[in-house]
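J.: For reference, the structure I am asking about is given below.
What follows draws every value from the coordinates through simple rules; no lab data is involved. All values reported here derive from a predicted model rather than from experimental measurement. Every residue, glycine as well, gets a Cβ built from its backbone with ideal geometry; the counts of neighbours run over all protein chains shown.
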Amino acid sequence: MRLRTQLALLTAGLAAVTSLAAAGPATADAGADRSSAGQACSPTVAIDRFSDALDKTTYDGTFVGNFSALAVDRDGSLAALEDRSSLFSLDPATLQPKSALHLADEQGADLDSEGLVVDRDGTWLISSETEPSVRRYSRDGRILDRLPVPSSLLVAPAGRALGNKTFEGLTLLPGGHTLLASMEYSIAGDSAGIVRFQTWERTEDNHFRLSAQYAYRTDTPFLGVPEVQATPDGRLLVLERGFTQGVGNTVRLYLADLRHATDTSGIENLTGQPDVQLIRKTRLADIADCPSLGATARQPQPNPLLDNIEGMTITGRDHTGRLRVLLVSDDNQNQAQTTRFYYLRVRV
């Protein structure tokens with residue numbers, strides 16, 4: 001089924017998503033608003049609380065941090081992916097790890113694992129920005145499949161992408177037929193700030209084949225796309241993120257719509273082409289505008305609540321219909337950064 005057909009047929013709902021528990025760990029909840037409304041970051045986004053409960057901790061000898069992606073697993077637990085090849089299962093109420101699984105590529109080497117999807121059969125689809133790649137893993141960490149990637153998106157010299165700037169976000173659109181990965185930054189030959197989103201269509205034998213590609217423009221060339229997440233109606237929540245030494249992080253949340261966007265898979269260079277329709281987007285919030293809730297930062301930040309936010313998942317809806325969105329920061333195993341979870345409510 002083609003993507004545009006799917007989007008036309010999708011209706012709102014979260015039939016396959018389990019809500020995370022509203023309660024959370026007592027630590028690092030200082031100043032958190034416990035009302036049903038949360039505290040406003042913008043007219044469409046509110047924050048309930050944050051948690052630093054996992055910051056600089058270990059589990060069974062494995063460092064807990066470096067988080068790059070989140071997903072709700074089939075049993076309601078929270079899957080949290082590190083960019084250093086570890087996949088954790090977290091208790092949704094306390095965030096405490098219940099298990100850790102080490103992942104590897106075909107040669108047994110660690111991944112630069114960035115994106116995570118729990119597929120409908122319980123297997124994991126995981127992107128790595130090393131090549132880049134998207135692989136399917138069994139529940140015990142075996143590689144079951146590897147998806148094709150357009151040559152232009154491969155890291156140079158094989159392709160036109162820069163190292164450490166490739167597949168960051170990964171999401172499965174409602175209906176389960178279309179998988180989407182977001183590049184973090186532009187590839188050579190495209191205008192700075194133009195980021196390609198690649199899709200795959202599921203085949204009858206449960207593999208994925210290459211499908212349409214779309215172009216998304218970040219607010220400035222200095223911002224990248226660390227995460228995307230499909231909403232129940234087939235639109236996308238998109239994070240844009242950047243860092244300025246001595247100033248801190250910029251993290252903004254957008255609602256994006258693929259409908260009417262041009263399929264750019266056959267367009268070599270995206271530079272000043274007025275006929276190319278980019279993905280439409282609407283800013284929902286700048287996280288710097290959220291109340292700080294008593295958070296502290298170990299390095300300069302426009303708002304001490306901010307850190308290197310990189311992971312995002314939708315965990316359910318509240319009683320008013322707003323999406324419950326969970327964010328997590330990647331502390332890079334750096335003493336100047338913090339592993340922090342953010343509990344948002346988003347009206348789309």
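J.: Can you list residues whose amide H is under 5 Å from E227's amide H, if they're 5+ apart or on another chain and H is modeled 1.01 Å from N?
T.: Under 5 Å from the amide H of E227: L239.
J.: May I ask you to evaluate 6.51 cos²θ - 1.76 cosθ + 1.60, the Karplus curve with θ = phi - 60°, for each residue of segment 154-159 and list the ³J(HN,Hα) values in order in whole Hz, giving x for glycine and proline?
T.: Result, rounded to whole Hz: 6, 5, 4, x, 5, x.
J.: Taking each pair of distinct Cα atoms in segment 278-344 once, what is the resulting Kirkwood hydrodynamic radius in Å?
T.: By the Kirkwood definition, the hydrodynamic radius is 13.4 Å.
J.: For the peptides 54-61, 192-199, 137-144, 246-253, what is the packing order when you average, over each peptide's residues, the other Cβ atoms within 10 Å and list the highest mean first?
T.: 192-199, 246-253, 54-61, 137-144
J.: If you don't mind, another one. Amide H of R317: which non-local residues (sequence gap of 5 or more, or other chain) have their own amide H closer than 5 Å, using H built in the peptide plane?
T.: Those lying under 5 Å, H to H, from R317 are R324.
J.: Long-range amide H contacts for L144: which residues qualify at under 5 Å (H placed 1.01 Å from N, peptide plane, sequence gap of 5 or more or a different chain)?
T.: Result for L144 returns R136, Y137, S138.
J.: Can you run phi through the Karplus equation (6.51, -1.76, 1.60; θ = phi - 60°) for segment 121-135 and list ³J(HN,Hα) in whole Hz, with x for Gly and Pro?
T.: 8, x, 6, 10, 9, 9, 9, 10, 8, 5, 9, x, 8, 10, 10
J.: For S182, what charge total do you get from the other residues with a beta carbon under 9 Å from its beta carbon, if Lys and Arg give +1 and Asp and Glu give -1? It would help to have the intermediate numbers written out before the result.
T.: Values: positive: R196; negative: E168, E184, E227.
Cβ neighbours under 9 Å give a net charge of -2.
J.: Please pull out the direction-averaged projected area of segment 82-127, using the convex hull of its alpha-carbon atoms, in nm² to one decimal place. Don't skip to the end; give the middle numbers.
T.: Details: hull surface 14.8 nm².
Orientation-averaged projected area of the Cα hull: 3.7 nm².
J.: Another question, if that's okay. In whole Hz and in residue order, list the ³J(HN,Hα) couplings for segment 282-296 that follow from phi through the Karplus curve 6.51 cos²θ - 1.76 cosθ + 1.60, θ = phi - 60°; x for Gly and Pro.
T.: 9, 6, 9, 6, 9, 4, 4, 8, 6, x, 6, 6, x, 5, 10
J.: Can you list, largest first and rounded to whole Å, the semi-axes you get for the chain by taking the square root of 5 times each eigenvalue of its Cα gyration tensor? Each step should come with its number before you reach the end.
T.: Numbers: eigenvalues 161, 102, 88 Å².
Semi-axes, largest first: 28, 23, 21 Å.
J.: Output the peptides 145-151, 87-93, 178-184 sorted from most to least packed, where packing is the average of other Cβ atoms within 10 Å over each peptide's residues.
T.: Going by the mean number of other Cβ atoms within 10 Å, highest first, we get 178-184, 87-93, 145-151.
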